[in-house]
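Note sheet for the following structure.
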Amino acid sequence: MKLKRLLSGWLFGAMLLGASTAGLAQQEIRIGAIYPLTGPAASTGAELKQALELAVDIINNGAKDIPGLPGSAGGGIASQKGAKIKLVFADHQSNPQIGASEAERLITDEKVVALIGCYNSNVTATASAIAERYKIPFVNPESSSASLTERKFKWFFRTTPHDNLFVANFFEFLKELKAKKGIEVKELGLFNENTLWGTETTKLETRLADEQGYKLVASVNYPANSTQLTSEIQTLKAAKPQVIMQSSYLGDALLSMRSYKELGVTPDMILANDAGFSDTEFIRTLGKDADYVISREVWSLDLAARNPLIKQVNDLYFSRYKANFTGNSARSFTGMMVLADALGRAGSTDPEAIRKALAETNIAGEKLIMPWKGVKFDATGQNELGSGILVQIIGGKYTTVWPFELAAHDVVWPMPKWDQRK
């Protein structure tokens, strides 16, 4: 009888423990986040991680000073009994194979119900393929290679515009520069890294340059994460392009700018394809040598005059991390908020319910910190309401210069020669 009572006590305790554990599990929605936390893009990855953590903190705990932001009341996901989002981070080290293996680990071992990532387009390609195989929703806030939404995937959703739009913006800008400012560009040089992102960008820039009558005097693709770019930049210098269109992650962007100065390369302008040129470390590291570069963008703090949410959320980010959002981190924040919105409408952690809710997303622009019309996915999983801007670094700050009707400052053209800068 004593043994029977003892066994019954153990059984009852186990049941209580199981019930307690189940209750805890119900209060947590696990989301896998795959980013470059070490390696050449580690500083960018750190910013994106901070942006995701801020978004999740707002959803879980609230931000009462920002009532216009969806989810700012906090309390977790209301439709799922206040379940809190739990981010499970993985480091892909800018390596596509590691990204794929980490995606599988997060799905099979960590039991995440959705994935978000991965910044680097070539890593997003492999990691999202794993998610597609396992039928797990994948939200991509930052990668811009157009081919990512040309794969007919069912479980992939990209919130940012892609390079077809961004590169087209460059050529629209050059056309308007001639029409409205009397500045004509005839000769272009291309300087792009050689992973999926840079290679696709080169093909698109080459096609548009040909279609619109520009002379392509040089097209140089260099190995990503290079330790020296002297010979490649000497090739560009010899070709004497009026404008260099460049796609580089942070390490390469810093190295190229130092090499431009050392070798005396100053085209009329560098039109940068975001990425490393929009990282906080770009200006912090180069100081005044970062000035005058124009980069395509999706976000700028000076647009807060048109949308108060931009400043309100940026102030919260700055209070925590002592830095402003960049276009990269603003996109990550937005992607997480879109996923949280879908979790709320799904009312379930079932991956198919989340996928269906993502597919039905329709968020108005005034509820975003981005200067977009909103977020609404087409049949390929691409947000069809996104748009781009161009910013120029002036006095150490990113300033909107295009579209001209949104400009906070007149474009400075051409870039001053290195020996003429103060």
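What pairs come out if I take residues in region 220-239 that are assigned by TED's automatic domain parsing to the domain that holds Leu263 and of a type in the set (Phe, Trp, Tyr) and pair them with residues that are buried (at least 16 other Cβ atoms within 10 Å of the Cβ) and assigned to a helix (DSSP H, G or I) whose C-beta lies under 8 Å away, six or more apart or interchain?
Tyr222/Glu232; Tyr222/Asp252
List the number of the failed condition for Lys311; all other conditions in (1) more than 30 Å from Gly374 (Cα to Cα); (2) charged (D, E, K, R); (3) surrounded by fewer than 20 Cβ atoms within 10 Å (Cβ to Cβ) hold.
Just one mismatch for Lys311, condition (1).
Taking the criterion of being surrounded by 19 or more Cβ atoms within 10 Å (Cβ to Cβ), in contact (Cβ under 8 Å) with a residue 60 or more places away in the chain, assigned by TED's automatic domain parsing to the domain that holds Met336 and more than 30 Å from Gly62 (Cα to Cα), would at least one residue in region 75-95 satisfy it?
Within region 75-95, one or more residues are surrounded by 19 or more Cβ atoms within 10 Å (Cβ to Cβ), in contact (Cβ under 8 Å) with a residue 60 or more places away in the chain, assigned by TED's automatic domain parsing to the domain that holds Met336 and more than 30 Å from Gly62 (Cα to Cα).
Being touching a residue at least 60 places away in the same chain (Cβ under 8 Å) and of a type in the set (Phe, Trp, Tyr), is that true of even one residue in region 261-280? Quick ask: steps written out before the conclusion?
If we filter region 261-280 for residues that are touching a residue at least 60 places away in the same chain (Cβ under 8 Å), which is where we start, we get 261, 264, 266-271, 273-276, 278-280.
If we keep only those that are of a type in the set (Phe, Trp, Tyr) too, we end up with none.
Within region 261-280, none of the residues are touching a residue at least 60 places away in the same chain (Cβ under 8 Å) and of a type in the set (Phe, Trp, Tyr).
Here is a list: Gly381, Gly388. Which entry is surrounded by 17 or more Cβ atoms within 10 Å (Cβ to Cβ) and over 17 Å from Asn307 (Cβ atoms)? Full working, then the answer.
Numbers: Gly388 fails: over 17 Å from Asn307 (Cβ atoms).
Matching residue, one of Gly381, Gly388: Gly381.
Any residue at all in region 220-233 that's of a type in the set (S, T, N, Q) and within 25 Å of Val411 (Cβ to Cβ)? Step through it out loud before you land on a result.
Here is the first cut: in region 220-233, the ones of a type in the set (S, T, N, Q) are 221, 225-228, 230-231.
After this cut, where a residue has to be within 25 Å of Val411 (Cβ to Cβ) as well, the list is none.
Checking region 220-233: not a single residue is of a type in the set (S, T, N, Q) and within 25 Å of Val411 (Cβ to Cβ).
Within region 115-154, track down each residue that is free of Cβ contacts under 8 Å to residues at least 60 places away in the same chain, closer than 21 Å to Glu360 by Cα and buried (at least 22 other Cβ atoms within 10 Å of the Cβ).
Residues satisfying the conditions are Ser128, Ala131, Phe138, Leu148.
Listed here are the residues, each with its yes/no results for (1) of a type in the set (S, T, N, Q); (2) part of a strand (DSSP E or B); (3) modelled with pLDDT under 95.
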residue: Arg355; (1), (2), (3): no, no, no
residue: Glu366; (1), (2), (3): no, no, yes
residue: Pro371; (1), (2), (3): no, no, yes
residue: Ala379; (1), (2), (3): no, no, no
residue: Val391; (1), (2), (3): no, yes, no
residue: Val401; (1), (2), (3): no, yes, no
residue: Ala408; (1), (2), (3): no, no, yes
residue: Val411; (1), (2), (3): no, no, no
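Being of a type outside the set (Asp, Glu) and more than 26 Å from the chain's Cα centre (by Cα) is the filter here; which residues of region 229-257 pass it?
Of everything in region 229-257, those that are of a type outside the set (Asp, Glu) and more than 26 Å from the chain's Cα centre (by Cα) turn out to be Thr230, Ser231, Ile233, Gln234, Thr235, Leu236, Lys237, Ala238, Ala239, Lys240, Pro241, Gln242.
Hey, any hits in region 54-72 for a residue that's modelled with pLDDT of 95 or more and part of a loop (DSSP other than H, G, I, E, B)?
No: region 54-72 contains no residue that is modelled with pLDDT of 95 or more and part of a loop (DSSP other than H, G, I, E, B).
Whether any residue in region 319-340 is outside the structural domain of Ser144 (by TED's automatic domain parsing), in a loop (DSSP other than H, G, I, E, B), touching a residue at least 40 places away in the same chain (Cβ under 8 Å) and among the aromatic types (Phe, Trp, Tyr) is what I want to check. Reasoning before the result, please.
Filtering region 319-340 for residues outside the structural domain of Ser144 (by TED's automatic domain parsing) gives none.
No, there is no match, as no residue in region 319-340 is outside the structural domain of Ser144 (by TED's automatic domain parsing), in a loop (DSSP other than H, G, I, E, B), touching a residue at least 40 places away in the same chain (Cβ under 8 Å) and among the aromatic types (Phe, Trp, Tyr).
The values are calculated or read from the model by the stated rules, or taken from the named source; none is laboratory data. Keep in mind the model is a prediction, meaning the values are calculated, not measured. Here the Cβ is made from the backbone with ideal geometry for all residues, glycine too, and neighbour counts use every protein chain on show.
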